[in-house]
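The values are calculated or read from the model by the stated rules, or taken from the named source; none is laboratory data. Predicted, not measured: the structure shown is a model, and the values here were computed from it. All Cβ positions, glycine included, derive from the backbone under ideal geometry; neighbour counts span all protein chains shown. These area figures cover heavy atoms from the full protein model, side chains too; ligands, DNA and RNA do not enter into them. Shrake-Rupley method; radii C 1.70, N 1.55, O 1.52, S 1.80 Å.
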Amino acid sequence: MKPIWIVDDDQSIRFVLEKALLRENLPTRSFTNPRDVLLALDASGADDGPQVLVTDIRMPGGSGLELLDKVKQKCPGVPVIIMTGYATVETAVRALKNGAYDYITKPFDQDDLVHLVERALA
């Protein structure tokens, strides 16, 4: 099973999501910025990329919305879930219009996010 990729500059968010997904036997791989995700995609190729990508919007070194666009070009079938602590209608519409599977605001219930990932996998 390919891992769920988590992208967030906040170590505590990555830790909580990793533990919640691992409890459901879903493997994870974490990144602190979009640049590292794109390097990993280039190194692994689309076939070895993530099953689902969960990314924050605002991070040093790049935007989750820009990452969404690039991931959709490289791996169009990968569901991308956008997380943000700075929710606006504009960013939600842009994310969904650009192909995000869904959009969730922080703080979120970790069980809700796990269920969202499971729905994206189905």
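With each label modelled as a point 7 angstrom along the Cα→C-beta vector, the Met1-Ala87 pair spans 2.8 nm. Is the shape of the chain best called rounded, prolate or oblate, per the rule: a/c under 1.5 gives rounded, else a/b larger than b/c gives prolate, else oblate, with a ≥ b ≥ c the square roots of the Cα gyration tensor eigenvalues? Since a/c stays below 1.5, the shape of the chain is classed as rounded. With both labels modelled 7 Å from their Cα along Cα-to-Cβ, the Asp10 to Leu39 distance reads 2.5 nm.
Using a 1.4 Å probe over the heavy atoms of the protein chains, calculate the carbon and sulfur portion of the accessible area of the chain as a whole percent.
Ligands and nucleic acids excluded, carbon and sulfur reach 50 percent.
For the stretch 1-68, the Stokes-Einstein estimate of translational diffusion at 10 °C and a viscosity of 1.306 mPa s comes to 132 µm²/s, using the Kirkwood hydrodynamic radius over alpha-carbon pairs. Residues in the chain average 52 Å² of solvent-accessible surface per residue, probe 1.4 Å, ligands and nucleic acids excluded.
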